[in-house]
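This report concerns only the one structure given below.
Where a number appears in this text, it was derived from the coordinates with a stated rule and is not lab data. Treat the numbers as computed from the prediction; the structure is a model and nothing was measured. Quick reminder, even Gly has a Cβ in these numbers, built from the backbone with ideal geometry, and neighbours come from all protein chains shown.
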Amino acid sequence: MTAEARVATETSPPLTERQEARRRRILHASAQLASRGGFDAVQMREVAEAASVALGTLYRYFPSKIHLLVATMQDQLQHLHSALRKHPPSGAASSERVAETLMRAFRALQREPHLADAMVRALTFADRSVSPEVDTVSRQTTAIILDAMGLDDPTPEQLSAVRVIEHTWHSALITWLSGRASIAQVKIDIETVCKLIDLTAPPVPPTA
């Protein structure tokens, strides 16, 4: 069991099969409403009706709309990670594979701009009460990048580079969603920041 899984197990009891099915219906309803109308379209009462759960039940799973939309982003990243594992990036260098991975993620969000805007706004609005969910999104993004790099045990310098890449990707999403950056500019920014991976790679020891 990974450290992340141990923390999750220790902090919250596992859901029953019925509870997990209910949670998945809620997340699906949230994503559908956001896809159609963005952040403002995700109203807790409408989500409860679409998911066929009582409003009080919905609030037991997700205390607020922000909690719900950040959890929706967690769910979307899990689907993306599964897809990437089935069809991993093909670049020769780590920096190329990470750039390819992040652009594939960006294009997936590009196909659902209202949903992307809703999730990114939720992350931006999240306060300390949503910190555990936001941290999970960050860990998922880190795991996606490390998988693309092919690393199980990154150095502190490599983890620092990954954090900078995450920040840049998030900022690129915001500037694109607000109409202040083109897709071409996003691609240039992602490819540029991913070069940090090459700069932080441990030196190869000389052969005898």
Practice problem: Using 0.36 nm per residue of separation minus the Cα-Cα distance, give me the extension gain between A108 and A93 in nm, one decimal. | Solution: 3.1 nm
Quiz prompt | Between region 104-122 and region 59-91, the alpha-carbon center distance in angstrom | solution = 11 Å
Quiz item: If we sort 117-127, 93-103 on the protection proxy, mean other Cβ atoms within 10 Å, highest first, what's the order?
Solution: 93-103, 117-127
Quiz item: What's the angle, to the nearest 10 degrees (0 to 90), between helix 113-125's Cα axis and the longest principal axis of the chain?
Solution: 90 degrees
Practice problem: Sum -39500 (n - 2.57) across every DSSP H segment of at least 4 residues in the chain, then divide by the residue count to get the 222 nm mean residue ellipticity, nearest 500. | Solution: -23500 deg cm²/dmol
Self-check item: Sites R36 and L199, calculated FRET efficiency, Cβ-Cβ separation with R0 35 Å, nearest 0.05
Solution: 0.25
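If you put +1 on each Lys and Arg Cβ and -1 on each Asp and Glu Cβ, how big is the dipole of region 99-152 around its Cα centre, in Debye rounded to 20?
Around 160 debye, computed over region 99-152.
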Quiz item: For the chain, what D do you get in µm² per second when you plug the Kirkwood radius from alpha-carbon pairs into Stokes-Einstein at 10 °C and 1.306 mPa s?
Solution: 87 µm²/s
Quiz prompt | Angle in degrees between helix 183-193 and the longest Cα principal axis of the chain, rounded to the nearest 10 | solution = 50 degrees
Self-check item: Cα-based helix-to-principal-axis angle, 131-149 vs the chain, degrees rounded to 10
Solution: 40 degrees
Quiz item: By a straight-distance test (C-alpha under 16 Å), which aspartates and glutamates pair with K187 as possible cross-link partners, with residues fewer than eight away in the same chain excluded?
Solution: E96, E100, E166
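Any idea what the dipole of the chain comes to, in debye rounded to 20, about its Cα centre with Lys/Arg Cβ at +1 and Asp/Glu Cβ at -1?
640 debye
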